[in-house]
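Engineer: My structure is below; once you've seen it, I'll send some questions.
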Amino acid sequence: VQLQASGGGSVQAGGSLRLSCADSRRTFTNNGVGWFRQAPGKERELVAAINWSGSSTYYADFVKGRFTISRGKGENTVYLQMNNLKPEDTAVYYCAKSRTAAYTISRRDYTGWGRGTQVTVSS
């Protein structure tokens, strides 16, 4: 099952966006979910992750204090609120499902990669 990321766009530095990760088949209710990003010429990297219940989260150092990951209550959606965006945040953002209820920081432990959503931040 592929997850669907949406909500990207073009903003100026300092702006905000909220990304959504949806799973219409409700297959990640009991799984951790991670948000990743990939900039041109770079490897895909983990940005933030959340466990199945939302009680535990992880943030990469480069987004701490600016991004917030959350699970929608009663929704089969995971959000990534991105504030104070910087030009270096420009990338295609993807969401994926952890193979367990917890999250991990290894890209290999995730599945369900779908098409990402483009985020472009101009200076």
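Engineer: If R0 is 22 Å, what FRET efficiency do you get for ALA39 and ASN76 from their C-beta distance, rounded to 0.05?
Structural biologist: With R0 = 22 Å, the Cβ-Cβ based efficiency is 0.20.
Engineer: Identify the residues of the range 76-98 with backbone N under 16 Å of a label point that sits 7 angstrom from the Cα of SER16 along the Cα-to-Cβ direction, or state none.
Structural biologist: Label zone hits: 79-86.
Engineer: Determine how many Å³ per residue the convex hull of the Cα atoms of the chain encloses.
Structural biologist: Taking the convex hull of the Cα positions in the chain, it is 91 Å³ per residue.
Engineer: Students often forget the sequence filter, so: which aspartates and glutamates lie under 20 Å Cα-Cα from LYS86 once same-chain residues fewer than 8 apart are removed?
Structural biologist: The qualifying aspartates and glutamates are GLU43, GLU45, ASP61.
Engineer: Can you send over the carbon and sulfur percentage of the accessible area for the chain, probe radius 1.4 Å, protein chains only?
Structural biologist: 44 percent
Engineer: Let me ask something additional. State to the nearest 20 debye the size of the charge dipole of the chain about its Cα centre, where the only charges are +1 on K and R beta carbons and -1 on D and E beta carbons.
Structural biologist: It comes to approximately 240 debye.
Engineer: Right, here's the next one. Figure the gain on full extension for ARG26 and GLN2 (residue separation times 0.36 nm, minus the Cα-Cα span) and round it to one decimal in nm.
Structural biologist: Gain in length upon complete extension: 7.5 nm.
Engineer: Shifting gears a bit: How high is the relative contact order of the chain, in percent, counting Cα pairs under 8 Å that sit 6 or more residues apart?
Structural biologist: 37 percent
The values are calculated or read from the model by the stated rules, or taken from the named source; none is laboratory data. A quick note: this is a predicted structure, and the numbers were derived from the prediction, not measured. Heads up, the Cβs are rebuilt from the backbone with ideal geometry, glycines too, and the neighbour counts pull from every protein chain shown. Just the protein is used for accessible areas: all its heavy atoms, side chains included, with ligands, DNA and RNA removed. Shrake-Rupley method; radii C 1.70, N 1.55, O 1.52, S 1.80 Å.
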